[in-house]
Amino acid sequence: MRAAVLRGGTVEVRTIDDPVPGPGQLLVRSLACGICASDLHFMDHPEAGADDDSGMSTYDQDADIVMGHEYCAEVVDHGPGTERRIPVGTRVSSLPVLSTAAGRRIIGQNPDSPGGFGEYLLLTEAITRVVVSGLPGEVVCVADAISVGWSTASRAQVTTMEAPLVIGCGAIGLSVIAQLGRLGVGPVVAVDFVASRRATALAMGADVVIDPAGISPYRAWRDVARGTAESAKELMATAGLPGCVVFECVGVPGVLDSIVKGCERGTRIFSVGGPPEGDHLHTLTAKRKGLNIQFGGGPSMAHWDEAFEAVCSGSLDVGPMLGGTVGLDEVPDALDAARDAGGPARIVVVP
């Protein structure tokens, strides 16, 4: 098959062997696959893969790796021991985890679990879901990105006595915003330096957008929260502000620490960004403020299914997140373009 192959820090398009489905696996043809910031983090920071003792994410610079974990695909063949419940030709997607004889592997982040930047990949039949709508693959493939923010916003269980602040309006921040809106939580304050991302945040449901170059996000949040408090009798009785729930969706060193230093006392922080090179936190400040920091992790299967259904049904419009599509030969340049914070939240590869 033809694929955009990562090896030794460089991505080039060439022909490699087709993957062969093992027990419980499906061979599928990639129809569309989004370029995610995680792809960039993976290729730029091989040390992060080396530090992963689970074996799920392994960057062997001497091996071919086909990235891409946000895909819509078509079933081509069934491996041994499969139930064959999904007919050949059916459009599908899945949580990007491949079950192998050696253990679980993240699809697109391991030599033996190729991703959607190639013509074919392997899926685990048990967690593969059928696309039950006629929406284009370029739309369907965004569901995995949506599931991360969807799961985080759902797990946060923001109450009517709290107000959310979303730091970073890339794909994950946008999916947090969208799910908070679906849950009836608000007002949602969203923060990003880039004007186009702030505009997309409004399109995805943010109530207030802030350029941190012009005003402190925490001052802006206080202004919004104070207005909320003044309109809520139960808060007026205590002359207090709503509790602050911050969603960190940037993944750049220093951002989480700036939240620790700038946020309100008692803030709940959900960190989804996770810079691969690590970070330094003023833990004494966090202690004195009584902060609660929850680090991300992937979505649960239930939350992935919910996000997938919402995208496939069209009840969640991901159109504002989409940029252009590229073919395999354009993947190396598209990866560079995806580094531009002023670009769209998602560039989609159509092999």
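The values are calculated or read from the model by the stated rules, or taken from the named source; none is laboratory data. This structure is a prediction, so every number in the text was calculated from the model and none was measured. Heads up, the Cβs are rebuilt from the backbone with ideal geometry, glycines too, and the neighbour counts pull from every protein chain shown. Ligands, DNA and RNA are stripped out before the accessible areas are found, and what is left, the full protein with its side chains, is counted by its heavy atoms. Shrake-Rupley method; radii C 1.70, N 1.55, O 1.52, S 1.80 Å.
A few comments on the model shown:
- Being under 18 Å from ALA307 (Cα atoms), open to solvent by 10 Å² or more (accessible area, probe 1.4 Å) and of a type in the set (Gly, Ala, Ser) holds for only one residue in SER154, SER147, SER196, and it is SER154.
- Taking segment 300-309 as the range and being in a helix (DSSP H, G or I) and either of a type outside the set (A, V, I, L, M, F, W, C) or surrounded by fewer than 22 Cβ atoms within 10 Å (Cβ to Cβ) (or both) as the test, the residues that pass are MET301, ALA302, HIS303, ASP305, GLU306, GLU309.
- Between GLY134, GLY108, the distinction of being among the small types (Gly, Ala, Ser) and open to solvent by 20 Å² or more (accessible area, probe 1.4 Å) belongs to GLY134 only.
- Within segment 310-351, restricting attention to residues that are in a helix (DSSP H, G or I) and free of Cβ contacts under 8 Å to residues at least 60 places away in the same chain, the residue that is nearest to CYS33 (Cα to Cα) is GLU330.
- Any chance PHE308 is at pLDDT 95 or above, in contact with a helix residue (DSSP H, G or I) (Cβ under 6 Å, 6 or more places away or on another chain) and farther than 30 Å from GLY118 by Cβ: no
- Taking every residue in segment 135-164 that is touching a residue at least 24 places away in the same chain (Cβ under 8 Å) and part of a loop (DSSP other than H, G, I, E, B) and pairing it with any residue that is charged (D, E, K, R) and crowded, with 22+ Cβ neighbours inside 10 Å, at least 6 positions away or on another chain, the pairs with Cβ-Cβ distances below 8 Å are CYS141/GLU70; VAL142/GLU70; VAL142/ARG346.
- Across segment 29-39, a minimum of one residue is classified as assigned to a loop (DSSP other than H, G, I, E, B), hydrophobic (A, V, I, L, M, F, W, C), within 24 Å of the chain's Cα centre (by Cα) and crowded, with 19+ Cβ neighbours inside 10 Å.
- Enumeration of residues in segment 118-146 that are of a type outside the set (Val, Ile, Thr), in contact with a helix residue (DSSP H, G or I) (Cβ under 7 Å, 6 or more places away or on another chain) and closer than 21 Å to GLY170 by Cα: ALA143, ALA145
- Conditions (1) touching a Gly at 6+ places or on another chain (Cβ under 8 Å); (2) within 12 Å of MET67 (Cα to Cα); (3) open to solvent by less than 10 Å² (accessible area, probe 1.4 Å); number of the one not met by CYS141: (2)
- Taking the criterion of being on the phi > 0 side of the Ramachandran plot and buried (at least 16 other Cβ atoms within 10 Å of the Cβ), the residues of segment 239-295 that qualify are GLY251, GLY274.
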